[in-house]
1. Does the range 1-27 hold any residues that are away from the ligand (no atom under 16 Å from the Cβ) and open to solvent by 50 Å² or more (accessible area, probe 1.4 Å), and which are they?
2. Surrounded by fewer than 13 Cβ atoms within 10 Å (Cβ to Cβ), more than 13 Å from the ligand (Cβ to nearest atom), modelled with pLDDT of 95 or more and in the same structural domain as residue 11 (by TED's automatic domain parsing): does that describe residue 197?
3. Considering only the range 29-45, how many residues are open to solvent by less than 50 Å² (accessible area, probe 1.4 Å) and either farther than 15 Å from residue 3 by Cβ or within 22 Å of the chain's Cα centre (by Cα) (or both)?
4. Quick one: in the range 64-83, which of the residues that are open to solvent by 70 Å² or more (accessible area, probe 1.4 Å) and modelled with pLDDT under 95 is farthest from the ligand (Cβ to nearest atom)?
5. Considering the range 90-141 alone, what residues qualify as being of a type in the set (Val, Ile, Thr) and open to solvent by 20 Å² or more (accessible area, probe 1.4 Å)?
6. Select from the range 166-213 the residues that are free of Cβ contacts under 8 Å to residues at least 12 places away in the same chain and among the charged types (D, E, K, R) and write down the one among them that is nearest to residue 14 (Cα to Cα).
7. I'm told residue 127 meets every condition in (1) within 16 Å of the ligand (Cβ to nearest atom); (2) of a type outside the set (Val, Ile, Thr); (3) farther than 30 Å from residue 16 by Cβ except one. Can you identify the failing condition by its number?
8. Of these, 186, 203, which one is of a type outside the set (S, T, N, Q), in contact with a helix residue (DSSP H, G or I) (Cβ under 7 Å, 6 or more places away or on another chain), in the same structural domain as residue 47 (by TED's automatic domain parsing) and open to solvent by less than 50 Å² (accessible area, probe 1.4 Å)?
Amino acid sequence: MITIALSKGRIFDDTVPLLKAAGITAHDDPEKSRKLILDTNRADVKLVIVRASDVPTYVQYGAADLGVAGKDVLLETDSMGLYQPLDLNIGKCRMMVAVREGFDYAAAVKRGARLNVATKYVQVAREHFAQKGMHVNLIKLYGSMELAPLTGLADAIVDLVSTGNTLKANQLIAVEEIMPISSRLIVNRAALKVKRDQIQPMIDAFERAAQAS
Ligand code: PRP
C-alpha cells in the first residue's frame, strides 16, 4: 500500500492532474466529503487529507509514504528523513514583506528602526531580516496576518502573496520579495528504499507531468 498525504484546497486541486498523469484518480472530492482517507482507482494507493503544515510530519514518520507540501511549510519544518526529489511547479506564489499603505518602509529600514513584524513564517522572516542586517521583533501568528498592521499589532507582515487581492482588500502593499514559493513532492526515505518498485515510477510520472505543465 502507498499512502500520499495532501492538503485540501489549492494543493489538492493542483495535484489532481499530476495524480492523473501517474494513473491515480481519487474516488472522493475532499471539498465535498468529510472522509480523511480517500480510496483511489488503484487498490494499492490511498490519499490522506491533512492540514498543509502537517504534511511533512506524516511523511517524516512514515504514516504517509509521499506528500505534497509548499516550500513555505517545508522551510518552517525540520525536514529530517524527508527526500525532496521534485519541485512540482504548482501552488506558485511569493513570500513577501507587506506594510500598510502610506507606511514608509524604506525610510524605516534606512534609519535602522526596530520593526515589529507579524508572521506565520518565523524561520523565513528571521533569516531574511538577519541577512539584511535588520533588527526586528517577530510576532508569531497562525493566520489573517493582514490584520496585524491594521490594528497596530505590527508594522509589517511576512506572508504569501498570490494574486495580491488580499493585500489590496486590506489597504496593504508589498514592499519586498523574500522568495518565490511552489509545492514540492516529499518522500519518506525509508519507504523509498523498501517500496522503490511502487514509488519510483510515481516520482517519474510526477516529474514528467510537472515538466509538461
Ligand atoms: C494565503 C496568504 C494570504 C492569501 C494571499 O492565505 O496567507 O492571506 O493566501 O493570496 P492572494 O494574494 O491571492 O490574495 P491562504 O488562503 O492560503 O490561507 P491561510 O491564511 O490559512 O494561509
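The values are calculated or read from the model by the stated rules, or taken from the named source; none is laboratory data. Not measured: the values here are computed from a predicted model. Virtual Cβ from ideal backbone geometry, glycine too; neighbours counted across all protein chains shown. SASA here: full protein model, heavy atoms, side chains in, ligands and nucleic acids out. Shrake-Rupley method; radii C 1.70, N 1.55, O 1.52, S 1.80 Å.
1. Listed by number, the residues that qualify are 1, 16, 17, 20, 21, 25, 27.
2. Yes: the conditions hold for residue 197.
3. So the first thing to find is which residues in the range 29-45 are open to solvent by less than 50 Å² (accessible area, probe 1.4 Å), and the list is 30, 33, 38, 40, 44-45.
Keeping just the survivors that are either farther than 15 Å from residue 3 by Cβ or within 22 Å of the chain's Cα centre (by Cα) (or both) gives 30, 33, 38.
Residues meeting the conditions: 3.
4. 80
5. If we filter the range 90-141 for residues that are of a type in the set (Val, Ile, Thr), which is where we start, we get 90, 97, 99, 109, 117, 119, 122, 124, 136, 139.
Correct list: 109, 122, 136, 139.
6. The extreme case among them is 204.
7. For residue 127, the failing item is (1).
8. On the way: 203 fails: in contact with a helix residue (DSSP H, G or I) (Cβ under 7 Å, 6 or more places away or on another chain).
Only one candidate qualifies: 186.
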